[in-house]
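In what follows, a single structure is set out as structure tokens and then discussed.
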Amino acid sequence: MRRARGLWLSIAFVLTLVAGSAALFATGHGPVLGLDLEGGVSVILSAPEGTPRPVMERAVENIRRRVDAFGTAEPNIFVTGSTIEVQIPGLARGSIEERPADEYCLVGPGRLSYGCYPDRSAADAALEAVAVEPVVQSVCLTGLGDREGPCFGTREEAQAEIDALEVIPAAQASPAPSPAPAEGTFCIRGPNVGTPVCGYATKAEAQAVIDGVSTTTSLTYCLQADGKTLASDEGSACLPSREEAQAQLATLQVEQVRTRFCVVSSAGKELGCFLTRERAQARLQETGQERLLEVIGTTARLEEREVLETLTPSDPGYDATPVTCATEAERATPACSFEALADQDVVYLGQDGTTKYKLGPVRITGDAIARASAVYDTGGQTSVGQGWIILFDLTKEGADLFAKITTELVGRELAIVLDREVISAPTIREPITGGNGQITGSFTEQEAKDLATVLNAGALPVSLTTEQVVTVSPTLGEQSLRQGLVAGIAGLVLLALYLLFYYRLLALVAWFGMAIWAALALGLVAVAGSTIGYTLTLAGVAGLVISLGVTTDSYIVFFERLKDEVRSGRSPRAAVQPAFKRAFRTIVAADVVTALAAVILYITAISSVRGFALTLGVSTALDLFVVYFFKRPAVFLIARSERLVGLRGFGLESGVAADHAAAPVVAGGSR
């Protein structure tokens, strides 16, 4: 009785897992289909021969980040030598959904929405509160000789710098100016001035210069309410002049909205809702193939800018400081090109996605760095180790430019920016004049190596050439999937009829077992798709079909061994235990060989062949699970039932001895 309870618990455990798989499908979490089933685009890009592997991997991450910005399905990216293959399933399936609405919105030029409210009174109050406010982009000191800056993020910081300026004898100037100042002259020093400004004959002359230092402020004018800048799907409501901002404010009006046009990507990600279908269509086209290919193949842009101010979400001016060219729509305009922004102050986000950096114009680009490497500084007898740092060498032209820049920026931060994202903002400790230097910043090992890779990627731009573009339409993908399903179902029907004819009642066990195996296999594929980004391709479907054959073999091996035991004179109840024990050894051996072949194929193959190997290996392992936890207890329980064993023409006894009746055993003789 206790053994029977254990058998029933085993079956109940398996059925619980099947119910979990069914729940996944019922809640819409089915397998993620690959390019050949879903439709989409495949692009093959080539980099220059000899491009280092870390640079290629960084290019892959940049491509992945750019594709993610389009809201398309998770890209599949494969690297082989100097070739990158990008597969984006479902690209052709973006859509515009017309949704009912009942709200009141602040509508500006071009029918852009700057915020919506549930009733008119709330919208009117919000409009009444909107005003044009100047937002400081940078405040720079002027009058310190012919030198530019330094610049700051607020007037208070600039004034603090002016108050800290002091006159010192030239002999105390540090770092020493080049050329060296004449003996007996005076210099002006400040916390963020860098190399002191020298050449003044008397202390009074230097003090007069300090008294004449003033500031120039760069402003932008934003529409704000309650300290927050209004923003639409196309960016913040900020303009270069007060007149333009006032003109835009005058056009704002409250409008009742009853319909919204929302753009939804093939991955189900909402890309924005608009008041007109035309704007929604324009947003949808931004995720189209031509625009996506243009973005994928663009070489990453590395640049270095002076940090004027760092803002965290807790800072008072955080919400009022818009990010420069924050949306894809803005970045597509000429005004947001790298060339147009090179001489302007900008605001970019850090890698955490929240910290904002106010940055000055571009001071140097990545092609000035010849090579960079991450090393661990253990220190020495007289110095304390700094942990992971980045050592770099400059080109000849870069060395001269970098010496000038770092001399000016001693004590200040120089941001390293990749594709409008601040990767790091190290502090310049001293002028770097020897053509090489180091970057410190409490890096972890991975952070240091990543930053070195970024610098190398800038030194050797990965000029990607589009070698091949293949578009698979959704119709073709659906046709491939339908043909595969038809072929699979036809094979299952023939297999089911064969098992029923040959094994009778045991065929039902095989049917249920294969159904359980299929449910669990598809459930695992669905879970893998949502957790590790696995996509089911035609090659993966082929792996599942072959695994189904392996599963069928497992049933036949067990049933045939059971037949042999019954023919030798044992009753079905007595035969089932030794039959399974011997058959299970054979099943394990066969499945291990198949799994090893799948592992070798996965390691040595690339692209979609790996999908075949992965599904084959996992499904083969799943076969062992179903055999032990379902087939074994199911057949054992049937063998315990005399009614099922002796059921005329269909029972277990007729199934395992249908072709040969058990021969009588004669004492002292043989069969």
5 angstrom amide H check on Arg412, placed H, neighbours 5+ away: Ile428
Nearest-10 value in Å² for the accessible area of Asp400, using the 1.4 Å probe: 100 Å²
Placed amide H near Gln344: partners under 5 Å, 5+ positions off or other chain: Val362
Cα gyration tensor shape for the stretch 77-171, rounded if a/c is under 1.5, else prolate or oblate: oblate
Summed residue charge, Cβ within 15 Å of Thr83's Cβ, Lys/Arg positive, Asp/Glu negative: -3
Within the accessible area of the stretch 205-259 (1.4 Å probe), percent carbon and sulfur: 43 percent
Accessible-area order (highest first, 1.4 angstrom probe) of the listed residues Val541, Val41: Val541, Val41
Calculated FRET efficiency for the pair Ser95/Thr216, C-beta based, R₀ 30 Å, to 0.05: 0.05
Estimated inter-spin distance, Phe625 and Val609, nm [label 7 Å along Cα→Cβ]: 2.8 nm
Label point distance in nm, Ala340-Ala125, each placed 7 Å from Cα along Cα→Cβ: 3.9 nm
Solvent-accessible area per residue, Å², over the stretch 538-583 with all protein chains present [probe radius 1.4 Å]: 39 Å²
Chain lengthening between Arg582 and Glu57 when straightened (0.36 nm per residue, less Cα-Cα): 184.0 nm
Extent along principal axes [Cα atoms of the stretch 504-644; Å; largest to smallest]: 53, 25, 20
Taking the stretch 104-178 and dividing mean pair separation by its residue count, relative contact order in percent (alpha carbons under 8 Å, at least six apart): 16 percent
Of all accessible heavy-atom area on the stretch 312-351, the percent that carbon and sulfur account for (1.4 Å): 55 percent
Those residues of the stretch 409-437 whose amide nitrogen sits under 18 Å from the label point placed on Leu349, 7 Å along Cα→Cβ: 416-425
Relative contact order of the stretch 484-599, pairs being alpha-carbon contacts under 8 Å that are 6 or more residues apart, as %: 20 percent
Among 153-163, 360-370, the order from most to least packed when residues are scored by Cβ within 10 Å on average: 360-370, 153-163
15 Å cut-off, amide nitrogen to a point 7 angstrom out along Ile556 Cα→Cβ, residues in the stretch 492-510: 492-504, 507, 510
For the stretch 88-169, accessible area per residue (1.4 Å probe, heavy atoms of protein chains only), Å²: 47 Å²
Virtual spin-label span in nm between Asp315 and Ala160, 7 Å along Cα→Cβ: 1.1 nm
Gain on full stretching of the segment that runs from Ser641 to Glu243 - 0.36 nm per residue minus C-alpha separation: 134.1 nm
FRET E, pair Glu445, Arg111, Förster distance 60 Å, beta-carbon r, rounded to 0.05: 0.70
Contour minus Cα-Cα distance for Ala204 and Ala26 (0.36 nm per residue): 55.7 nm
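The values are calculated or read from the model by the stated rules, or taken from the named source; none is laboratory data. Here the structure is a predicted model, which is why all the values come from computation and not from measurement. Quick reminder, even Gly has a Cβ in these numbers, built from the backbone with ideal geometry, and neighbours come from all protein chains shown. Side chains included, ligands, DNA and RNA excluded: accessible areas come from the protein's heavy atoms. Shrake-Rupley method; radii C 1.70, N 1.55, O 1.52, S 1.80 Å.
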